[in-house]
Amino acid sequence: MCSLRSVVNAFYEHVNRDGEDVVLEFRPRPQQDMLVACLWSAWSAPGEPDLLSFAAITDEPPVEIAAVGHDGCIIPIKPENVDAWLKPDRANLQASHAILEDRQRPYYEHKGGVELCAAAVLPTATLDWPDS
């Protein structure tokens, strides 16, 4: 598993509204790009297609996200921590945890009932896959 960062200016989460699955869009205020802490991994097995997996790291939500019914939030890391996040000292796991704690903490506004499709989601993220 390797460290990765994704640049986003919004993220989307599903919440239950009266038994209906509703997608909410969350944007930081003031509007800004966020460097999101992520992990990626590559898996392969003989006779099977390679599998590349990617996940944004989440934590407990701030009050404004919890208030609208969601139980998690992405972790935007500070620009000065990007190099250390992308090239972690594997012998010092605590340093990676410290980066996650020393995060940006924007206020998030939300918009409800967002319809998602691939074209709507993909432009908000830039993935930089490490070379190994």
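What follows draws every value from the coordinates through simple rules; no lab data is involved. These numbers were taken from a predicted model, which means no experiment stands behind them. Note that we place each Cβ from the backbone using ideal geometry, even for glycine, and neighbour counts take in every protein chain shown.
Would you mind computing, in nm to one decimal, how far apart the modelled labels at A67 and H97 are, each placed 7 Å from Cα along Cα→Cβ?
For the pair A67/H97, the computed spacing is 3.1 nm.
Once both labels are modelled 7 Å past Cα along the beta-carbon direction, what's the D33-R90 spacing in nm?
3.0
Across the Cα atoms of segment 27-67, what radius of gyration and what greatest pairwise Cα-Cα distance (Dmax) are found, in Å?
That works out to 16.4, 49 Å for Rg and Dmax.
Report the label-to-label distance for E60 and S44 in nanometres (one decimal), using points 7 Å from each Cα along the Cα→Cβ vector.
4.2
Using a Förster distance of 25 Å, how high is the FRET efficiency between N16 and K111, based on the Cβ-Cβ distance and rounded to 0.05?
Taking R0 as 25 Å, the efficiency between N16 and K111 is 0.90.
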